[in-house]
Structure formats: C-alpha cells, structure tokens
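The values are calculated or read from the model by the stated rules, or taken from the named source; none is laboratory data. Since the model is a prediction, treat every value here as computed from it, not as a measurement. Note that each Cβ is placed from the backbone with ideal geometry, even for glycine, and that neighbours are counted across all protein chains shown. What goes into the accessible areas is simple: the full protein's heavy atoms, side chains included, and nothing from ligands, DNA or RNA. Shrake-Rupley method; radii C 1.70, N 1.55, O 1.52, S 1.80 Å.
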Amino acid sequence: MKELAVSHPRTWRSGVLAAAVVPVLAVLLPGQAAQAAPLGALPEVTARAETAALYDDEEGGNADADDPAIWRNAADPGRSLVVATAKEGGLRVYDLDAREVQTVPAPPGPGADDAPGRFNNVDLVHGLRLSTGRADLAVTTDRGNDRLRFYRIDRSRPGGPLTDVTAPSVAPVFSADQAEVNEQRTAYGLATWTDRTSGRSYALVSRRETTRVALLEILPAPSGTVTYRTVRTLDLPSAFRLPNGASWSPCAEPGELPQVEGMVVDPANGTLYAGQEDVGIWRLRADLTGTPVLVDKVREYGVPATYDEETEECAPGADPGFGGRRISADVEGLTLVTERDGDGYLLASSQGDDTFAAYDREIGDHNAYEGGFRVTAAGPVLDGSEECDGAAALNAPLGDRYPNGLLVVQDGHAGPEDGERDATGFKFLDLGDVLDALDD
C-alpha cells in the first residue's frame, strides 16, 4: 500500500474528473445493520480438488494465478472447463479434475524494451455472432499490452480448446501510445455482459492504479476475429467525506488512485458490481450511467495512514470506526451465484482476512449481507485458500463430479508449504457445500 497525494479530491462523472469531495452514496442499507458474526464463527468449506501450483519465477515461467472463469459444455457438462489467468504465464485451461489441458502463452511486447503480455482477469461471452458463425469466447485483459484478447472455445479441437481470434488491429484500451502502455496504467479488472434487450455484448474494464472503468462493445471482425470499441468511461470516487466531516482517501503511492479489479455483471438486470480494493463494493448500471451505490465498505475505510518511502508500506493511524464489518481490504474476486427465481448471492473475496462474504443478489433486498465462509484445508495435502484474488461460481450441474455446481477460487499461497518459491493456484469447491454453509 502506498500513500495517495490528493491536492484536488475527485468525484465520479462519466469519462471525466471533477474537483470535489463526494460523500459516500450509500453505506449500511436496510437489512445490513445486524452485527456480523465473529470471524471464528464463520463456517468452513473444503475444496474437492486443486490445480498444480504455479510459480512466479523464471523457472516457472513467471506464472501467477489470478482469476478463473467456468465454461459449461452444454453437450457434455462433465467435460466442462475452467479457464484461468496466470499473468505473465498467460492462460491455463483445466478440466473438472483440476488437470491442465492447455497452456496459452501471453504475447510478447512489440519491442524488446516494451512490457510483455500479462493476462490479469478473464470472463466469458456466449454465442457471439462472428463472421464464421456463433462462438463462445474467453476474454482476458492483457495488462502488459493494454488490450483485450479473445479466444474461441472448442472442447473437441485438437491441440487444445482455445484458439486466439483477436483481431490484429485491436487498439490499446486506455493508453495513447506504447510509451504510455509501458507505464502499465493499463487494462486490469474485467467483467463481460450481454444486453438482453439489444443482444449486444460488452466488456467492463478497469484501469490499473486509477478509479476508471470503461465500457467496451465487443464486435465481430473479418475472418472470424473479434475486436471492440469504447462506448464510455466512468471514474469512481477516490476521496470520501467521512461522518466527522474529514476527507479521506486510501493510502497509496503518490499519483495512484484506489483501483478497481474484481467485477461481475448480473445478467438478469444489467447491474455491475465493482470491487474498489481499499474502499468497498459498488453497485451501478452496467452501461455506466446513473448513480453508483456503495453496497458495503472494507473495515479499513476511513482509517488514516501515512506512506513510508523507506519501507514502502503504509502506517495506519487510529481507526475512527467508519468502516464496514464484513470485508477486509483488499476486496477481490466478485462472482454471482444465480438462481432461476432471481434469488442467489453476490460472493466477494475478503482478501485481508482470508474469508468470503455473501450478499443477497436481489436489489430489492438492498444486497443485504447473508453470511460468510472460509475455504480451509481438506487434509495434509489439499490446503485451503488464502489471500484470494479471483473467484468464479456456476450454479448448474457439471456431470458426476459437480452435480450441484462449482465454485473456483484462487489461492494466493498454494501449498501447504510454499518453500522459497512464490506459489499460487486454484481450488475447486462443490457449490452445494458452499450453499449449505451459507444456509446454516
């Protein structure tokens, strides 16, 4: 964490920044006022399988697990896939036994001195009409090159199910030129969305080290490739008026703003949920119009902190008590558990305390907090999940292995013993076990 120097605090407006300090637009809503259960009282859920560890070093190809997406094979649900990002290590594709079936390398930078490709987040688009026919796509943010990349999914394809169908002409999402790309304030978080009214498909993309979110329309290009265009952008707040009248911004390196990464769109109503890592969870229209609402805040919200250049860490001051009670910074890994009657959960990874929080999916119930859980060790080999970055849930039967659906979560400390190497991976959980824990 690094301190943010704000001489002119900023508020959100679509595509622009304006000098002002914005108050929190919504905080503790009806149905959320009850005290959260003590941390130790949260139910525990164990994984059924885990992927092989990825190592973020030269020997391991600088692979660092981050974000998963679950693709359901409608013709044979037991042969469904999990597509996951490994940052500079590209993409990994796993079967339901958590075995790797394909590795897709990230592309290099255009020049030897340019930033290399780095796949940060991934999501899916189903049935996009291309010039060669309809296709399911895996979409990923290439943080290194500031672009989206697209991969057609074909489970029976020899050589692996993913094929790169990114149009060669795709432009940077945020950067004006390669010099700006190399500064790495680039495409970061990602959520896809298909508008049920128009049938058009979109990607919501956040910008690293800023509060900006862009709405991109995903479009077919020649020869079965895929491109995109920017529709609009929106900047979430970076400074907040506290109940005591003070202005507060999360501590960060000078020039950096509190970024967004975890995002998910509810397909039923086009609602975007966005996790601003050191602030909380926002709810807003996926077309980036209207007024954002802060559904819940991290515990550290409002805590003053000072950045120390020597240690490159923030030293927190006294807690004024304005934060939330259920999630600890960073808030990450947003995903939806949908049900046919419109019910279900918004799940969020509370990275700071290694837990997961569940909120009511229904806006009419104000996204009320419904409980939480932890992913703990199933035994001496199959450990739990710590410092989870990304998560994906699918509430649909996936063959004999996961008849009740699947939850995949990133594990920031794959192990149980990492040794001297930074090891990460993904845990596969029976979604029925998770729902049972939340219902207890």
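How large is the helix-only mean residue ellipticity at 222 nm for the chain, computed as the sum of -39500 (n - 2.57) over DSSP H runs with n ≥ 4, divided by its residue count, in deg cm²/dmol to the nearest 500?
Computed mean residue ellipticity for the chain: -1000 deg cm²/dmol.
For the stretch 39-74, which GluC sites (Glu not before Pro) are in a loop by DSSP, counting at most 15 other Cβ atoms within 10 Å?
Counting only loop positions with at most 15 other Cβ atoms within 10 Å, the GluC sites (Glu not before Pro) in the stretch 39-74 are Glu58, Glu59.
Spin-label point model (7 Å from Cα, Cβ direction): what's the Arg79 to Asp195 distance in nm?
Modelled inter-label distance: 3.6 nm.
May I ask you to give the percent of accessible area on the stretch 243-310 that is carbon plus sulfur, with a probe radius of 1.4 Å?
47 percent
May I ask for the Rg/Rh ratio of the stretch 42-130, computed from Cα atoms with Rh as the Kirkwood radius, given to two decimals? Don't jump to the answer; show the numbers that get you there.
On the way: Rg = 15.3 Å, Rh = 14.7 Å.
My calculation of the ratio gives 1.04.
Mean projection of the alpha-carbon convex hull of the stretch 392-440 over all orientations, in nm²? Can you show the working numbers first?
On the way: hull surface 16.9 nm².
Its average projected convex-hull area is 4.2 nm².
With a 10 Å radius around each residue's Cβ, average the other Cβ atoms per peptide and rank 93-103, 146-156, highest first.
146-156, 93-103
At 0.36 nm per residue, and after removing the present C-alpha to C-alpha distance, how many nm does the segment from Asp319 to Ser156 gain when stretched out fully?
53.2 nm
Once label points are set 7 Å from the Cα along Cα→Cβ at both Thr311 and Asp440, what is their separation, rounded to one decimal in nm?
Here the modelled spin labels are 3.7 nm apart.
Hey, what did the stretch 173-304 get for relative contact order, percent, Cα under 8 Å, at least 6 apart?
Details: 281 pairs, mean separation 24.5, N = 132.
Here the relative contact order equals 19 percent.
Obtain the radius of gyration and the Kirkwood radius of the stretch 141-253 from its C-alpha atoms and give Rg over Rh.
My calculation puts Rg/Rh at 1.08.
State, as an integer percentage, the relative contact order of the chain based on alpha-carbon contacts under 8 Å between residues 6 or more apart.
Numbers: 1270 pairs, mean separation 78.1, N = 440.
Value for the chain: 18 percent.
Which value, to two decimals, describes the C-alpha radius of gyration of the stretch 210-270 once divided by 2.2 N^0.38 Å?
It is 1.64.
Largest first, please: the extent of the C-alpha atoms of the stretch 80-202 along each principal axis, to the nearest Å.
Here the Cα extents, ordered largest to smallest, are 39, 38, 24 Å.
From the P(r) of the stretch 250-330, could you give the percentage of C-alpha pairs in the tail past 18 Å?
Everything past 18 Å amounts to 48 percent.
P(r) tail for the stretch 290-440, what percent of Cα pairs lie past 25 Å?
38 percent
Highest first, please rank the peptides 353-363, 134-144 by the mean number of other Cβ atoms sitting within 10 Å of their residues.
The packing order, highest mean first, is 134-144, 353-363.
What is the Cα convex hull volume of the stretch 169-216 when expressed per residue in Å³?
Hull volume over Cα atoms, normalised by residue count, gives 81 Å³.
Share of Cα-Cα pairs in the stretch 339-387 beyond 14 Å, in percent?
It works out to 57 percent of all Cα pairs.
Rg over Rh of the chain, using C-alpha atoms and the Kirkwood radius, what does it come to?
Rounded to two decimals, Rg/Rh equals 0.94.
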